[in-house]
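**Q** Here it is, the structure, as structure tokens.
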Amino acid sequence: MIKVAIVGGTGYTGVELLRLLVTHPQVELTAITSRALAGTPVAELFPSLRGHCELAFCEPDLEQLAACDLVFFATPHGVAQAQVPELIRRGVRVIDLSADFRLTDIPAWEQWYGQQHAAPELAAQAAYGLPEINRAEIAGAQLVACPGCYPTAVQLGWIPLLEAGIVDPQQLIASAASGASGAGRQAKTDLLLAENSDNFRAYAAGGHRHLPEIEQTLRRVQPAGASPARVTFVPHLVPMVRGIHATLFANVQSGQSAAELQQLFESRYRDEPFVDVMPAGSHPQTRSVRGTNICRLSVLQPQGRDTVVVLAVIDNLAKGSSAQAMQNMNIMFGLDEALGLESPALLP
Ligand SMILES: NC(=O)c1ccc[n+]([C@@H]2O[C@H](COP(=O)([O-])OP(=O)(O)OC[C@H]3O[C@@H](n4cnc5c(N)ncnc54)[C@H](OP(=O)(O)O)[C@@H]3O)[C@@H](O)[C@H]2O)c1
């Protein structure tokens, strides 16, 4: 059994991790932290877990965490980089769901997140937790940096095109929308029901923190010598709880037909258990992936012109964070990658 702790168990990614880990046959949960609710039974805050989790939330305690095989950090950025170095020194493996170790360019991280990075050497050695491009490195990693939610959808949608070098990498446009759980569980006025229901709006159009992560990954998969990928990324808030829908636009440079593009996507993801390329002309829906680790996508070429449109949907709390984190855990511990992640979406 893998002895597991979660730091930050009261947030939305924390409770989603709990939902998945409590039924995982190889996991023994030993600690779930919350400073605000230390002493409160987990199932009292989350009655959905009654009968599945007998633990109470506890204060983060270094000795208790260091006694685990694996610690998940489901905390705001800045927390893991302060606490992970000592766990790494003690040989514990760590999966971080925050943005702390995603960017290898530390000055860029400091600029986008507005603070000094406390562990730049660990950011350099962390494995980026997108299995579809980095499975081997994840398997041997002590520290895995899980991708952001928008970056997961956007990257999976564009990777086949960027790897093949068949689109203009400097003219990439991503319009994406997320449900409100993407902003976490803290009370914020602009996330109130009365502010957001029956409403649809863009935000951070001038620059969102996920942009440098998306560009970093796309540049990593481009052929040598290609002009570096440059993305215009506009996120939106949509009045639903879970889900991300990304609409991605790129210009095909070498005349591929819609059938060839479909073939490219199908062959790139043929062996990926969690990427589903839908039949040509499909429109994937967020509800078709709710609660699952699936990225469902389709590729279209409207009117046969040179703009290729990719539609990609994920659940931000699942493939966009906690389920992908568990996929990474399965890879790190040599388990079947899909263990505990095979249930279909809840519908309607
Ligand atoms: N929501 C999403 O869709 C999503 C998707 C991908 C990635 N992420 C990332 O995942 C992380 C967690 O997101 P979330 O939405 O679950 O956040 P959240 O709802 O804000 O939860 C944060 C959790 O962290 C704990 N925490 C806060 N400060 C801490 C500290 N200094 N030390 C220890 N624990 C601390 C909180 O508990 P206490 O304060 O009681 O200790 C709480 O349990 C964030 O970095 C987020 O960017 C979120």
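Each value in this text was obtained by applying a stated rule to the coordinates, not by laboratory testing. All figures in this text were calculated on a predicted structure; none of them were measured in a lab. So basically every Cβ, Gly included, is an ideal-geometry build from the backbone, and we count neighbours across all protein chains shown.
**Q** Would you mind computing, in nm to one decimal, how far apart the modelled labels at Asn251 and Asp336 are, each placed 7 Å from Cα along Cα→Cβ?
**A** Placing both labels 7 Å along Cα→Cβ, they lie 4.8 nm apart.
**Q** Given N residues in the chain, what is Rg(Cα) / (2.2 N^0.38 Å)? The partial results should precede the final answer.
**A** On the way: Rg = 19.7 Å, N = 348, 2.2 N^0.38 = 20.3 Å.
In units of the globular-protein estimate, the chain measures up at 0.97.
**Q** Mind listing the phi-derived Karplus ³J(HN,Hα) values for the range 231-248, rounded to whole Hz, using 6.51, -1.76 and 1.60 with θ = phi - 60°, and x for any glycine or proline?
**A** 10, 9, 10, 10, x, 9, 9, 10, x, 9, 7, 10, x, 10, 10, 10, 10, 10
**Q** Could you sort 138-144, 84-90 so that the peptide with the highest average Cβ count within 10 Å comes first and the rest follow in order? Show your work: numbers first, answer last.
**A** Values: 138-144: 19.3, 84-90: 16.3.
Going from most to least packed, we get 138-144, 84-90.
**Q** Another question, then. Residues in the range 215-230 near a label at Asp168, defined as backbone nitrogen under 18 Å from the 7 Å Cα→Cβ point?
**A** Only 226-230 pass the distance filter.
**Q** Let me ask something additional. Place a label point 7 angstrom from the Cα of Val234 along the Cα-to-Cβ direction, then list the residues of the range 137-177 whose backbone nitrogen is under 14 Å away.
**A** Output list for this probe position: 172-177.
**Q** Then there's this: Pull up the DSSP beta bridges for the chain and report the antiparallel fraction as a percent, rounded to 5.
**A** Details: 23 of 53 bridges.
If I count the DSSP bridges inside the chain, around 45 percent turn out antiparallel.
**Q** Mind listing the long-range amide H neighbours of Val167? Cut-off is under 5 Å, sequence gap 5 or more, other chains count too, H placed in the peptide plane at 1.01 Å from N.
**A** Gln253
**Q** Compute the helix-to-body angle for 80-89: its Cα long axis versus the longest principal axis of the chain, expressed 0 to 90° and rounded to tens.
**A** Rounded to the nearest ten degrees, it is 70.
**Q** Taking only the alpha-carbon atoms of the range 2-125, what semi-axes of the equivalent ellipsoid follow from 5 times the gyration tensor eigenvalues under a square root, in whole Å, largest first? Don't skip to the answer; put the middle values down first.
**A** Working: eigenvalues 144, 46, 31 Å².
Here the semi-axes work out to 27, 15, 12 Å.
**Q** Just from its helices, what would the mean residue ellipticity at 222 nm be for the chain, if runs of 4 or more DSSP H residues each count -39500 (n - 2.57) and the sum is divided by every residue, rounded to the nearest 500 deg cm²/dmol?
**A** The helix-only estimate for the chain comes to -8500 deg cm²/dmol at 222 nm.
**Q** Work out how much length Gln64 to Gln186 would gain on full extension: take 0.36 nm times their residue separation and subtract the Cα-Cα distance, in nm to one decimal.
**A** Numbers: separation 122, 0.36 × 122 = 43.92 nm, distance 2.66 nm.
Answer, rounded to one decimal: 41.3 nm.
**Q** Then there is this: Using each residue's phi in the range 317-322, evaluate 6.51 cos²θ - 1.76 cosθ + 1.60 at θ = phi - 60° and report the 3J(HN,Hα) Karplus result to the nearest Hz, with x for Gly and Pro.
**A** Values, residue by residue: 8, 10, 4, x, 6, 6 Hz.
**Q** Let me ask another. Whole-Hz ³J(HN,Hα) for each residue in the range 186-194, computed from phi via Karplus 6.51 cos²θ - 1.76 cosθ + 1.60 with θ = phi - 60°, x for glycine and proline: what do you get?
**A** Using θ = phi - 60°, the values come out as 6, 6, 9, 4, 6, 10, 5, 3, 5 Hz.
**Q** Moving to a separate point now. Once you sort the root eigenvalues of the Cα gyration tensor of the range 212-295 as a ≥ b ≥ c, which label holds: rounded (a/c under 1.5), prolate (a/b larger than b/c) or oblate (the other case)?
**A** oblate
**Q** Further, regarding this structure: Could you give the Stokes-Einstein D for the range 150-316 in µm² per second, using the C-alpha Kirkwood radius, 10 °C, 1.306 mPa s? List each step's numbers first, then the result.
**A** Values: Rh = 16.4 Å.
The Stokes-Einstein estimate is 97 µm²/s.
**Q** For the range 241-260 and the range 119-135, write down the distance between their C-alpha centroids in whole Å.
**A** Spelled out, the Cα-based centre of one part sits 26 Å from the other.
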